[in-house]
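Engineer: Have a look at this one before I ask anything.
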Amino acid sequence: MKILVINSGSSSIKYQLLQLPENKVLCKGLVERIGLPDGQLHYTTEKDNIDKIMDIPNHEVGLQAVAELLMDSQVGVIVNADEIKAVGHRVVHGGSKFTKTVLIDEQVKEVIKALFSLAPLHNPANYMGIEVAEKVFAKAHQVAVFDTAFHQTMPEKAFRYAIPNAFYEKENIRVYGFHGTSHQYVSEKAIELLGKKDSKIITLHLGNGCSMTAIENGKSIDHTLGFGPQNGLIMGTRSGDIDQAVVLHMIDKMGYTPKEVADLLQKKSGMLGLTGLSDMRDIETAAKNGDKQAQLALDMNVYRIKKYVGAYIAAMNGLDALVFTAGIGENSDFIREKVCQDMEFFGIEIDIEKNKGRKKQITEVQKATSRVKILVIPTNEELEIARQTFELVE
C-alpha cells in the first residue's frame, strides 16, 4: 500500500511516500522557509535529488509543488494520484475529542478547525494539507494522526492546572502536549538502544517549535507544551513560558487587545523577538560574528532547556538517556554541547569530538565516564504516521 505522509509544520512541510508494510521510502522531501523570500523545496528518490529555491508564500503553494513532482513524467514516482491509497496527516491539536488516529470526515475537519485558536501556527497548516490532499488525491483515505495522543498517559497531577475545577470539568482546560509522534518514535528507538523497558528518558524535540518530554517506561509522564503549543521552551517565534502578569499588564495597562497579545507571543516573540531572526542557523552565525543579541538569545534558549532537564530528572528520580532530535537537535552541535555543559552533577558528560557535526543516524555523543547516555536520534514522524495510518486502513 502506498501511503503519502504530510507533516505540515509552522514554517515547513515534511513529506514522504512510503510502501507499507515494507516501510520502503519511495520518495521524501522538505519544503522549508515558507513565507520567507528564499523558500526551498527538496525532493529525493532513489534516482533523483532535486533542490529548488522558489517563492513559497504559504503551505498551499508548497503542497501543490510537491504533488506536481510526485507525478512528474521525468522524476515522479507515481503515474497518477490514484496509486496513493491513503494520506496520513500530522495534526497538532486533537483536544479532548481525539485520543487516537482517525479517518477524516467533515466532522473531524470541523473539530480541527475549532481548535485553530489553540494551535494557531499548526492546525490551520494541518487543515490546509488535508484540503489540498482531498483535491489532489481524491480517492485516497485521509487519516489524521494527532500530536496530542502520545501524551494521554500523563498523570492528572501533571496535566491539571491549579485553577477552579470547573474549567477542567466543563471546558477540558488541561495540558495536552504536542510533538507526540516525534517523542514516541525517538523514545522507542532509545529504549531499543538501552535494551530495557524500565527506562527513564528525556526527549528534546528542538526545531522551530520546541518541546521536551519526560518518558518513564515508554510512557509520557510530563511535557513542556500545555493547553496549546506555546508554553515551555523558547521557540522560533513563540515566547514559551511567560508570567501571566505580563499578559495582563499588556492588556490592562498598554492597550493591547487579547488578539494582539496572542499574535505577539506566538508569531513575533521567541528567537525572532530577541534577534530579528527565526532560523537557528542564522542566529548561530550572527552570534559567531559578535552579535550580542544573538549571543544572549542562545544563552536564554539553552538556560531554559537546562532548567527543564533538571525538573524532569527530579520528577523521574533519575535519568538513563537524554535524546536530542528534530532540526536543531539533530543538526546543531553548538546547542547540544551548551545544553550538556556543566551538568556533571546529573551524570551528563558530553564528548566534544563525538558531538561535532550534523547527525543523520542514531549517535551516542557522551563521554565514556558519563552515567547518562546522550543520544542524537533523527526523528521520523513520517514513518510513525505511516504505520498508524496503515494499521487503520489496511
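Bear in mind these aren't lab numbers, they're just calculated from the coordinates by the rules spelled out. These numbers come from a predicted model, not from an experiment. Here Cβ is always computed from backbone atoms with ideal geometry, including for glycine, and neighbour counts include all displayed protein chains.
Engineer: Using alpha carbon centroids, what distance separates the stretch 167-196 and the stretch 234-283, in Å?
Structural biologist: Between the Cα centre of the stretch 167-196 and that of the stretch 234-283, the gap is 25 Å.
Engineer: Related question: Based on DSSP H runs of at least 4 residues, each adding -39500 (n - 2.57), what is the mean residue ellipticity at 222 nm of the chain after dividing by all its residues, to the nearest 500 deg cm²/dmol? Please list the in-between numbers first.
Structural biologist: Numbers: 15 runs with 148 residues, N = 394.
Helices in the chain give a 222 nm mean residue ellipticity of -11000 deg cm²/dmol.
Engineer: For the stretch 249-316, how big is Rg over Rh, using alpha carbon atoms and the Kirkwood form of Rh?
Structural biologist: Answer for the stretch 249-316: 1.11.
Engineer: Per the Kirkwood treatment, what hydrodynamic radius in Å, one decimal, follows for the stretch 195-376 from the mean inverse distance over all distinct Cα pairs? Walk me through the numbers before you get to the answer.
Structural biologist: Values: mean 1/r = 0.0582 Å⁻¹.
By the Kirkwood definition, the hydrodynamic radius is 17.2 Å.
Engineer: Follow-up. What pairs from Lys267/Lys359; Lys100/Lys189; Lys113/Lys157; Lys170/Lys253 go past 24 Å between their alpha carbons? Could the numbers behind the result be given before it?
Structural biologist: On the way: Lys267/Lys359 29 Å; Lys100/Lys189 21 Å; Lys113/Lys157 29 Å; Lys170/Lys253 31 Å.
Violating the 24 Å limit, Cα to Cα: Lys267/Lys359; Lys113/Lys157; Lys170/Lys253.
Engineer: May I ask you to list the GluC sites (Glu not before Pro) in the stretch 138-225 that are in a DSSP loop and have at most 14 other Cβ atoms within 10 Å of their Cβ? Spell out each step's value before the answer.
Structural biologist: Details: sites: Glu156, Glu169, Glu171, Glu188, Glu192, Glu216; in loops: Glu171.
Filter output for the stretch 138-225: Glu171.
Engineer: Quote the convex hull volume per residue of the stretch 2-146, based on C-alpha atoms, as a whole number of Å³. Walk me through the intermediate numbers first.
Structural biologist: Numbers: hull volume 13.7 nm³, N = 145.
It is 94 Å³ per residue.
Engineer: Quick one: grab Rg to one decimal and Dmax as a whole number for the stretch 87-173, Cα atoms only, in Å.
Structural biologist: Expressed in Å, the Cα Rg and Dmax of the stretch 87-173 come to 14.4, 47.
Engineer: Taking the stretch 1-96, which trypsin sites (Lys or Arg not before Pro) meet the DSSP loop condition and have no more than 13 other C-beta atoms within 10 Å? If you can, show how the numbers build up before the last one.
Structural biologist: On the way: sites: Lys2, Lys14, Lys24, Lys28, Arg33, Lys47, Lys52, Lys85, Arg90; in loops: Arg33, Lys47.
Those satisfying the criteria are Lys47.
Engineer: Taking a quarter of the surface of the Cα convex hull of the chain, what do you get in nm²?
Structural biologist: Working: hull surface 80.9 nm².
Over all viewing directions, the chain projects a mean Cα-hull area of 20.2 nm².
Engineer: Another one. Using 0.36 nm per residue, how much length does the chain from Lys100 to Arg160 gain when fully extended, once their Cα-Cα distance is taken away? Show your work: numbers first, answer last.
Structural biologist: On the way: separation 60, 0.36 × 60 = 21.60 nm, distance 2.06 nm.
Net length gain for the segment: 19.5 nm.
Engineer: Starting from the Cα-Cα distance between Ala314 and Lys113, subtract it from 0.36 nm times their residue separation and give me the gain in nm to one decimal.
Structural biologist: Length gained between Ala314 and Lys113: 68.6 nm.
Engineer: Which trypsin sites (Lys or Arg not before Pro) does the stretch 130-196 hold that lie in a coil by DSSP with at most 13 other beta carbons within 10 Å? Could you put the intermediate results ahead of the total?
Structural biologist: Numbers: sites: Lys135, Lys139, Lys157, Arg160, Lys170, Arg174, Lys189, Lys196; in loops: Lys139, Arg160, Lys170, Arg174, Lys196.
Of the trypsin sites (Lys or Arg not before Pro), the ones in loops of the stretch 130-196 whose Cβ has at most 13 other Cβ atoms within 10 Å are Lys139, Lys170, Lys196.
Engineer: Can you compute the modelled spin-label distance between Phe167 and Asn80, with each label point 7 Å from Cα toward Cβ, in nm?
Structural biologist: 5.4 nm
Engineer: Could you give the length gained by full extension between Lys259 and Leu193, i.e. 0.36 nm per residue of separation minus their alpha carbon distance, to one decimal place? Before the final figure, lay out each step's value.
Structural biologist: On the way: separation 66, 0.36 × 66 = 23.76 nm, distance 4.56 nm.
Contour length minus Cα-Cα distance gives 19.2 nm.
Engineer: Starting from the 7 Å offset along Cα-to-Cβ, what nm value, one decimal, do you get for the label separation of Lys307 and Lys360?
Structural biologist: Inter-label distance under the simple model: 3.7 nm.
Engineer: If you don't mind, there's one more thing I want to ask. At most 16 other C-beta atoms within 10 Å and a DSSP loop state: those are the exposed chymotrypsin sites (Phe, Trp or Tyr not before Pro) I care about. Give me the longest piece of the chain that has none.
Structural biologist: Working: sites that count: Tyr161, Tyr256.
Looking at the chain, 1-160 is the longest stretch - no exposed chymotrypsin sites (Phe, Trp or Tyr not before Pro) with at most 16 other Cβ atoms within 10 Å.
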